[in-house]
């Protein structure tokens with residue numbers, strides 16, 4: 001696993017869901033090399049789809065920007081060591097439930 005404690009930047013998730021996200025990130029980092037960001041993201045996304053239903057998106061890396069619309073209560077941005085992880089359940093304004101939350105814009109640039 002990547003050394004260092006996870007630091008949550010912003011979230012609107014309930015604490016139990018946040019714990020799941022952090023634990024799955026730790027498990028992914030145990031299973032995959034830190035440079036394999038795509039596999040880490042795929043692992044976290046697929047596990048969240050199984051636990052919380054389809055529609056989750058996950059972005060992992062050391063340098064990325066984003067602007068996303070997500071379901072309320074389904075957004076977390078955190079860092080573990082040199083990796084930033086953005087996990088959210090996508091939303092469109094035409095969906096009936098859950099209600100879309102505000103858009104979030106992030107830029108992650110982690111310096112080694």
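The values are calculated or read from the model by the stated rules, or taken from the named source; none is laboratory data. Source: prediction; values computed, not measured. Cβ atoms come from the backbone with ideal geometry, glycine included; neighbour counts cover every protein chain shown.
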inquiry  = Considering only region 6-20, I want to know if a residue exists there that is in a helix (DSSP H, G or I), touching a helix residue (DSSP H, G or I) at 6+ places or on another chain (Cβ under 9 Å) and crowded, with 17+ Cβ neighbours inside 10 Å.
reply    = yes
ask   = residue 67 passes all but one of (1) surrounded by fewer than 20 Cβ atoms within 10 Å (Cβ to Cβ); (2) over 11 Å from the mean Cα position of the chain (by Cα); (3) part of a helix (DSSP H, G or I); which number fails?
value = (3)
task = Could you please let me know if residue 106 is modelled with pLDDT of 95 or more, under 25 Å from residue 5 (Cβ atoms) and either in a loop (DSSP other than H, G, I, E, B) or in contact with a strand residue (DSSP E or B) (Cβ under 6 Å, 6 or more places away or on another chain) (or both)?
result = no
Total residues in region 21-41, condition loosely packed, with under 12 Cβ neighbours inside 10 Å and assigned to a loop (DSSP other than H, G, I, E, B) = 2
